[in-house]
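Colleague: For reference, the structure I am asking about is given below.
We did not get these values from a lab; they are worked out from the coordinates using the rules stated. If you're wondering where the values come from, they're calculated on a predicted model, not measured in any experiment. Cβ placement follows ideal geometry from the backbone for every residue including glycine, while neighbour counts extend to all protein chains displayed.
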Amino acid sequence: MEQLFLGHNVTQVAHHLGRDIRTVSAHKRHAMEKLGLHCDKDLHVFGCELTGN
């Protein structure tokens with residue numbers, strides 16, 4: 001999630017972690033559901049609020 005908060009896309013995160021894109025995408029989707037976030041913009045705003053940026 002940290003990498004996504006920083007604005008990296010699912011492909012970049014998957015490559016960085018050595019994971020399949022579908023795995024990272026599923027984790028992202030589930031985390032966003034639990035956090036009540038509806039789109040990537042919401043995720044970015046949440047990450048900025050969390051990190052104080």
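Colleague: Helix 21-35 versus the longest principal axis of the chain: what is the Cα-based angle in degrees, 0 to 90, to the nearest 10?
Modeller: 20
Colleague: Continuing with the same structure: Given 0.36 nm per residue, what is the gain on full extension from Ala26 to Glu2 after removing their alpha carbon distance, in nm?
Modeller: The span from Ala26 to Glu2 would gain 7.1 nm if fully extended.
Colleague: Pairs of Cα atoms under 8 Å, at least six residues apart: use those to get the relative contact order of the chain, whole percent.
Modeller: Relative contact order here is 42 percent.
Colleague: For the chain, treating each Cα as an identical point scatterer without solvent, what Debye log10 I(q)/I(0) comes out at q = 0.19, 0.29, 0.32 1/Å?
Modeller: Here the Debye-derived log intensity ratios amount to -0.59, -1.17, -1.28.
Colleague: Starting from the Cα of Asn9, move 7 Å in the Cα-to-Cβ direction to define the label point; list residues of the stretch 23-37 whose amide nitrogen is under 14 Å from there.
Modeller: Under cut-off, by backbone N: 25.
Colleague: I want the local charge near Gly47. Using Cβ-Cβ distances under 11 Å, sum +1 for each Lys or Arg and -1 for each Asp or Glu among the other residues.
Modeller: -3
Colleague: How tilted is helix 40-51 with respect to the longest principal axis of the chain? Cα atoms for both, answer in degrees (0 to 90, nearest 10).
Modeller: Rounded to the nearest ten degrees, it is 70.
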